[in-house]
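Taking it in order: structure first as structure tokens, then the write-up.
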Amino acid sequence: MIETTINDRDDLIKYLHKAMVLEHATIPPYLTAYYSIHPTTNSDAAHIIRVVAVEEMLHLTLVANVLNAIGGTPDLTRPDFVPSYPTYLPDGERDFVVDLRPFSPEAVETFCKIERPALAPDGARLMPASSTATPSLVTSPTREEMRFYSIGEFYAEIIEGLQVVAAQEPDLFCGDPARQVRPEYFYSGGGQVIVVSDLNSALRALEFIAEQGEGLDGGIYDKEEELAHYYRFRQLHFGRYYQKGDSPHDAPSGPRLDIDWDAVYPVKVNAKLADYPVDSELAQVARDFNAEYFAFLGLLDTAFNGKPSLLLDAIWYMFRLRDGINRIIRNPLPGSGGLHAAPTFEMPTAVDSAPGASRGTDEAARAVAR
Amino acid sequence: MTPDALEDFLSLSVDLTAFERTDLLGTGLARQYLAKVRDACGEDVVTALLEAHRAARTEAAEDGARPDPQRLDRALRHRIFSEERLGPVARNVIKLWYAGTWYGLPPEWTDSYGAQPAAETSTVTAASYQEGLLWRAIAANPPGAKAPGYGAWARPPAIEDRYLKGRSHDRTG
Amino acid sequence: MFVKFPEGEAKRTDPTTAGGVVYDAVIVGGGIAGALIAARLGAAGKSVLILDAGPAEDLTLRGYESYLDRFYSATNKDNQSPYPVNPNAPMPRGTDARRIFPGVPDSSAYIVQSGPFATDTTYTRVLGGTTMHWEAKTPRMLPEDFQMRSLYGEGADWPLTYEDLAPYYNEAEYEIGVSADVDDQSYLGITFDDDYVFPMQGLPLSYLDQVVARDVDGMPVELDGVQRELRVRPWPQGRNGVPNPAYNGGEGYVPEGAVSTYQVEVGERCQGNNNCVPICPVQAKYHAGKTLARALQNPQVHLVGQAVAYKVHVDEHTGRVTEIEYRRYDKPDSAHFTTERARSRLFVLAANAVENPRLMLASGLRGSNGLMGRNFMDHAYLLAWARLPEPAGTFRGTNCTGGITELRGGRFRRRQAAFSVDIHNDGWGWARGAPMSDLADLVDAGGRYGESLRQGLVDRVSTQLLLAFMVEVPANPSNRVTVDPAYTDHLGNMRPILTYDIPDYTMRGVAYARQLSKRIFARLGAEDHTQYDPSFWGYAVYGGEGYEIRGGNHLAGTHMMGHDRSMSVVDKDQRSWDHENLYLVGGGSMPTVSTSNVTLTIAALSLRSVRAMLDQLAKESAPIRVTSEARAQGLPREVTL
């Protein structure tokens, strides 16, 4: 066991920033896979992915609440907040990369890796970055050379550090309560927003995230009797639902889950704007989408920085993004050998995001401003 | 179905609907709509319609430039909308894109040109209703799909300015 | 939170085995009344069997999506379009309505209409009942609505007061999950407990409502010497909104989302799909399947689907109900059925105000005073439509977010019917099939295409305003449901025959509503496009003017409650005067329909009746002698409870 890497409030803040980057990094891959599914097909799979994506938004919000509670400042507008796909997970897991790909067995395999259970092979949470032979790892923001085995281990480190720092610094929870996102502003199902005001509520929020993602104490169901994300995705792998009594070591034994891998738009994996024909109508649509996506992150940023009621507006943004993604994905990508276009989630350059650069963003901005 | 026919159908549809090509492809239904028109009216009618549209665009364009809108409008009226066989089909194509429903052609049309087995009123797929362009034109969602989110209805509709013609709806809120 | 429907529950109970059990209660109908009563009786430790006429399928997300797909694919998107046609449990459809000619009943659809007035009123026979397609407006009744006879000499008095029902309104608002604000809903005598808040905050008014409010708020209206000012007021809604943290003394409220056998997280907040009727795609709108799913989590609560009640059997000496004979069809698409029986200590008919009396009358139980099936009520809807001077964003929001309620009550009710007014967010859809009718007209007759079509749609559709006046219909014994062996359905069940006319009292309200609509349109600078078509099936002439009158699906009054057993069918607990172990629950018990959508009141009455049922079960501990036609299955048995 290696000693803790979190010794004071600044360390905690660094970890929580990284946690927000991490939670967000899972969303574009889930959205890409979800919206690649043909409408009115693959209902089981679509629901599973959609619910997980929505719960990642909840996790992002919970981390923001913890960060705000200890006087931190969430920042979703930093240039490196959105990774460039393919990417390693920001916690340092290096045995797999995360792609933006259509719904497929490969995508499901990646999703399972993202959400894999917390336990490292030999019980060690932090591992030297050099031990690349081990299946997976995640970096510590305070010790570059250290990586975590999984998101669960990463949160276990934060939970432990939080307790240590709270014991040392009595005024750790000095954040303005008005910055907390309360349940009336965020709803997702799969758990309520937890308002963080002290160590107890902070621990509940973080444990909830870890538990919902990867399961608790090796079980497949959490306290609310909900299946952890990892096991939800395993169901897609096996084509069968879990049911009560199933063990994490066995295949699920519940009813069949029907998957039609062909009822999916074959979107280009990790599409970039550079893949789009220059000056095409389609390229403009893709740029418009990115502008809207980053405007959405900007809105979240404002919401997490003292205007929590804006999360209600953020929902409208998400629904518009949904329509935008669908429109892009149904367009063939010229010159790609039959593949379809996909949103690129690239940060707009100044030219792209100039006011009035496109009709789409103009409309969106107007609808929100009024 | 040849790729050319799909291209021609998209080009026709852009002129008929005033939605962009990416919007039309973005419904995911362009191929199915072309197939539906073929099944409902027959191959010959579709070929004639696409030819008439090409001819109208050529007539409206000077020296290969973009067609002049006024001349194109006139050419479409003369070559398509007023044409006995093509007019009702073109109007049906518009409604197909806007409503997602194929409406049965008028009886006088079927009397003259024959009834195809797939000619009666029907939705093309469960998705076609949801993709109707009508709803985008009025900045609303098709009832039962593509919801805008809680409370979005309290804001003014995001109708593009060019269709508001200065009739402000900013007096509230 | 999702609502878990216990997997396999719809098929778990074997009807024949269940026939050998004497339950504490058998409930006919898995709609809101039946579901609430089942849940409450089960929670009190009682054994319950629910019989439902709809298909015996679990409430799954897949099943719900099949409703949605049927809706998306339907060329005619009427109230029933999502729900499968089932000849064994037929449903009336709005599209059934035909003009009725004197002396010639229209028997072309499930409800035989003998007129003189035709109605398009509907109800849905699937698990969850008509709450599957209800719009989910949940206004309380006014205190004066309970005393119509003594205050205004019209209709009937209730054996209950507003104060009697108020605590159950609170409970019903919890069970349904109502979004509203107390300030908006306190008017015309409606009061709330001091610290009461609704479970969720009120839904915002639509932009269209706000445009109307700009000119209508403060509009003076004098009626019967009383001056009042109109205002656009939000409706309370049975759909999920923003939970009120102050609910229940600060405990807050957790909205219930979709029903499913597997975890799914949708429907915890309304998304503005503008499709409450006929189906909320995300189940943010309450439907009784949510309550039913919770009730069935109790192992003492059983469900048999595909079970159409055929006959209520009564002990001729005691008047007590001994059993309900029902026909259990094998499959929705086959008329093959087996006859089964359900026995219990109490029987609850919760099938609705048409099906309850239909079943009683088909069983030969007209009531000692002959009132069974009489006093049928519904709302008479008058629509008025106009074009606003600017695009107001019609077709956005829930079907209806705001309305005008000042004319729901007042002493003018001595003379003419009261009404409430809905501002419809779905434009002229109800009246004239917008926006598809506009599209067809612009393209086919207007020669529009491309940009001019887009312009035309904004001009014609986004400016639409439709006001729906929901006018009260007082009880009248000659408006009634009857049966006749000449009219039966696929399973041999007698079909309901409806005799219905709109009284002058209501028509005076209708005529006044039309005049008021003209004043409102004038105040808005809106262009009145209202025109009533003399060939319309519900065309009614009054005072030389013709009106299109539509039904409201707000069925009431066919087994009215009262103080006096000679003048009513059930007592204030909805217990039958004639059959002491029989409860007829639902809108049928209401003596006035007034100007409230009926579901909230049905829920409150049901919750109130549970107390009487539990008292009766506690008192009647004596053994029950199961007799009647039980001989067919063996000897009479003595059952000790």
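For the pair segment C:114-144 and segment A:140-171, the centres of their Cα atoms are 58 angstrom apart.
Residues B:Ser112, C:Ser576, arranged from fewest to most other Cβ atoms within 10 angstrom of their Cβ, appear as B:Ser112, C:Ser576.
Strictly over 23 Å apart at the Cα level, which of C:Lys4/C:Lys331; A:Lys14/A:Lys223; A:Lys307/C:Lys4; A:Lys223/A:Lys244; A:Lys18/A:Lys272; C:Lys11/C:Lys46 would you flag in this model? Exceeds cut-off: C:Lys4/C:Lys331; A:Lys14/A:Lys223; A:Lys307/C:Lys4; A:Lys18/A:Lys272.
The modelled label-to-label distance between B:Ser11 and C:His563, using points 7 Å beyond Cα along the C-beta direction, is 8.4 nm. Residues A:Arg287, C:Arg432, A:Arg78, ranked from the fewest to the most other C-beta atoms within 10 Å, line up as A:Arg78, C:Arg432, A:Arg287. By other beta-carbon atoms within 10 Å, ranking C:Thr463, A:Thr349 with the fewest at the front produces A:Thr349, C:Thr463. Over all other residues within a Cβ to Cβ distance under 10 Å of C:Ala136, the charged ones net out to +2, with Lys and Arg as +1 and Asp and Glu as -1. For a label point 7 Å from the Cα of B:Arg77 along Cα→C-beta, name the residues of segment C:441-459 whose backbone N is under 20 Å from it. Of the residues in segment C:441-459, C:441-457 have backbone N under 20 Å from the label point off B:Arg77.
Note down, for segment B:79-145, the three equivalent ellipsoid semi-axes (square root of 5 times each alpha carbon gyration tensor eigenvalue), biggest first, whole angstrom.
Details: eigenvalues 132, 42, 9 Å².
So the three semi-axes of segment B:79-145 are 26, 15, 7 Å.
Estimated translational diffusion coefficient (Stokes-Einstein, Kirkwood radius over Cα pairs, 20 °C, 1.002 mPa s) of chain B: 122 µm² per second.
Neighbours of B:Thr47, meaning other residues whose beta-carbon lies under 12 angstrom from its beta-carbon, give a summed charge of -2 when Lys and Arg score +1 and Asp and Glu score -1. Its residue count N fixes a reference of 2.2 N^0.38 Å for segment C:202-279, and the Cα radius of gyration divided by that reference is 1.57. Rounded to the nearest angstrom and listed largest first, the equivalent-ellipsoid semi-axes of the protein assembly as shown from its Cα gyration tensor are 50, 40, 29.
So, R0 is 30 Å and r is the distance between the beta-carbons of C:Arg12 and C:Asp489; what FRET efficiency does that work out to, to 0.05? It would help to have the intermediate numbers written out before the result.
Values: r = 27 Å, r/R0 = 0.91.
Taking R0 as 30 Å, the efficiency between C:Arg12 and C:Asp489 is 0.65.
Taking all Cα pairs closer than 8 Å and separated by 6 or more residues, the relative contact order of chain C comes to 21 percent.
Neighbours of B:Ala56, meaning other residues whose beta-carbon lies under 13 angstrom from its beta-carbon, give a summed charge of -1 when Lys and Arg score +1 and Asp and Glu score -1. Here the mean projected area of the convex hull built on the C-alpha positions of chain C is 27.8 nm². Distance from the Cα centroid of segment C:239-271 to that of segment C:503-581 is 34 Å (rounded to whole angstrom). The Cα center of segment A:248-296 and the Cα center of segment A:54-99 differ in position by 20 Å.
Quick note: the coordinates plus some simple rules give every number you see, no bench work behind them. Small disclaimer: the values here were computed from a predicted structure and weren't measured. Cβ: placed from backbone, ideal geometry, glycine included. Neighbour counts: every protein chain shown.
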